[in-house]
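Chemist: Attaching a single structure in C-alpha cells format; questions to follow.
The values are calculated or read from the model by the stated rules, or taken from the named source; none is laboratory data. Owing to the predicted nature of the structure, the values given are computational and were not obtained by experimental measurement. Backbone-built Cβ (ideal geometry, glycine too); neighbour counts: all protein chains shown.
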Amino acid sequence: MEEPYYISTARGYYDIAEKISSGYKDIDGTRLINPSPMVFNHEELGWIKEHLSGFLKQNYSDIPDDILSQLHKITLNEIKTRTYIFTWFFNTFDEDVYLMTLKVQNKLYNIYMIKYTEMEGVYDRTELIDHKLVNKVRLESENWYKNLFSDEQEYLNSKY
C-alpha cells in the first residue's frame, strides 16, 4: 500500500499518492507536473480561437481594439503549440494549464488555457440517471493565477 501524499484542493486535502507513483512531480503542494498532460482536440482549439478576443477584451481592457481584431488571424497550430506549465486539482480532477503570452506595446499579457476533467450528470429527460467524466476547456487571466498564492511575494516568486 502506498504512503498517503496529500495536496490542498477546493474540497480539502486530497490523497494523490497514486498520481505521484505514476510519474507526476510535486511543485509546491498545490501544483504538479503531469508526465502526459491532456492535449487539445480540433474542436477545443476552435473554441479557444473563437473566444480569445472577447476574453482579452473583458479581462485586459487596456489592449487596443486593433490588436484584438488581429487575433482572428491566429491559427489553430499557433494555439496548439502553447507551453504546458503545470497541473492542479481544484476539484480533485486534473486541470492541465497551458500558457499563452501576448506581447503588446512592450507589455506582456498571460492567458492561461486550461483543459480539465469534471464530473457531469447524465439525464434521461429531467431524471439524473448517472454521472460521467468529461473534458472541457476554459480561459483564465493573470488574476486567476495570482489567486493561487497566499500573498504577493509568493505570487511574484512563481510568476511566469
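Chemist: Which number in (1) touching a residue at least 24 places away in the same chain (Cβ under 8 Å); (2) in contact with a helix residue (DSSP H, G or I) (Cβ under 9 Å, 6 or more places away or on another chain); (3) part of a strand (DSSP E or B) marks the one condition that Leu148 misses?
Modeler: (3)
Chemist: Name the residues in the stretch 44-66 that are part of a helix (DSSP H, G or I) and among the β-branched types (Val, Ile, Thr), would you?
Modeler: Answer for the stretch 44-66, where residues must be part of a helix (DSSP H, G or I) and among the β-branched types (Val, Ile, Thr): just Ile48.
Chemist: Tell me yes or no: at least one residue of the stretch 118-129 is touching a Phe, Trp or Tyr at 6+ places or on another chain (Cβ under 7 Å) and at pLDDT below 90.
Modeler: yes
Chemist: Among the residues in the stretch 52-59, are any hydroxyl-bearing (Ser, Thr, Tyr) and surrounded by 11 or more Cβ atoms within 10 Å (Cβ to Cβ)?
Modeler: Scanning the stretch 52-59, I find at least one residue that is hydroxyl-bearing (Ser, Thr, Tyr) and surrounded by 11 or more Cβ atoms within 10 Å (Cβ to Cβ), so the answer is yes.
Chemist: Given the options Thr87, Thr126, name the one that is farther than 24 Å from Leu45 by Cβ and either in contact with a Ser or Thr (Cβ under 7 Å, 6 or more places away or on another chain) or not aliphatic (A, V, I, L, M) (or both).
Modeler: Values: Thr87 fails: farther than 24 Å from Leu45 by Cβ.
Thr126 is the lone residue from the list that is farther than 24 Å from Leu45 by Cβ and either in contact with a Ser or Thr (Cβ under 7 Å, 6 or more places away or on another chain) or not aliphatic (A, V, I, L, M) (or both).
Chemist: So which residues in the stretch 44-53 are under 16 Å from the mean Cα position of the chain (by Cα) and over 16 Å from Thr117 (Cβ atoms), if there are any at all?
Modeler: Answer for the stretch 44-53, where residues must be under 16 Å from the mean Cα position of the chain (by Cα) and over 16 Å from Thr117 (Cβ atoms): Leu45, Trp47, Ile48, Lys49, His51, Leu52.
Chemist: Of all residues in the stretch 130-156 being aliphatic (A, V, I, L, M) and modelled with pLDDT of 95 or more, which is nearest to His42 (Cα to Cα)?
Modeler: Only one residue fits best here, namely Val137.
Chemist: Could you run through the stretch 1-43 and say how many residues are outside any loop (DSSP other than H, G, I, E, B) and either under 16 Å from the mean Cα position of the chain (by Cα) or of a type outside the set (Asp, Glu) (or both)? Outline the logic, then answer.
Modeler: Looking only at the stretch 1-43, we keep the residues that are outside any loop (DSSP other than H, G, I, E, B), and these are 6-9, 12-15, 17-21, 25-26, 31-33, 42-43.
This time we only want the ones that are either under 16 Å from the mean Cα position of the chain (by Cα) or of a type outside the set (Asp, Glu) (or both), so: 6-9, 12-14, 17, 19-21, 25, 31-33, 42.
Total meeting the criteria: 16.
Chemist: Are any of the residues in the stretch 113-133 under 22 Å from the mean Cα position of the chain (by Cα), exposed (fewer than 11 other Cβ atoms within 10 Å of the Cβ), within 26 Å of Ile7 (Cβ to Cβ) and of a type in the set (A, V, I, L, M, F, W, C)?
Modeler: Checked the stretch 113-133: at least one residue is under 22 Å from the mean Cα position of the chain (by Cα), exposed (fewer than 11 other Cβ atoms within 10 Å of the Cβ), within 26 Å of Ile7 (Cβ to Cβ) and of a type in the set (A, V, I, L, M, F, W, C).
Chemist: Another question, if that's okay. Only residues in the stretch 102-130 that are touching a residue at least 40 places away in the same chain (Cβ under 8 Å) and closer than 23 Å to Phe89 by Cα count as the first member; pair them with residues that are of a type in the set (Ser, Thr, Tyr) and in a strand (DSSP E or B), Cβ under 6 angstrom, at least 6 apart or cross-chain, and list the lot.
Modeler: Hits for this filter: Asn110/Thr101; Met113/Tyr98.
Chemist: Identify, please: which residue in the stretch 68-103 is surrounded by 15 or more Cβ atoms within 10 Å (Cβ to Cβ) and more than 16 Å from the chain's Cα centre (by Cα) and is, among those, nearest to Lys19 (Cα to Cα)?
Modeler: Leu102
Chemist: Does Ser69 meet the test of being of a type outside the set (A, V, I, L, M, F, W, C), assigned to a strand (DSSP E or B) and modelled with pLDDT under 90?
Modeler: So Ser69 does not fit the description; no.
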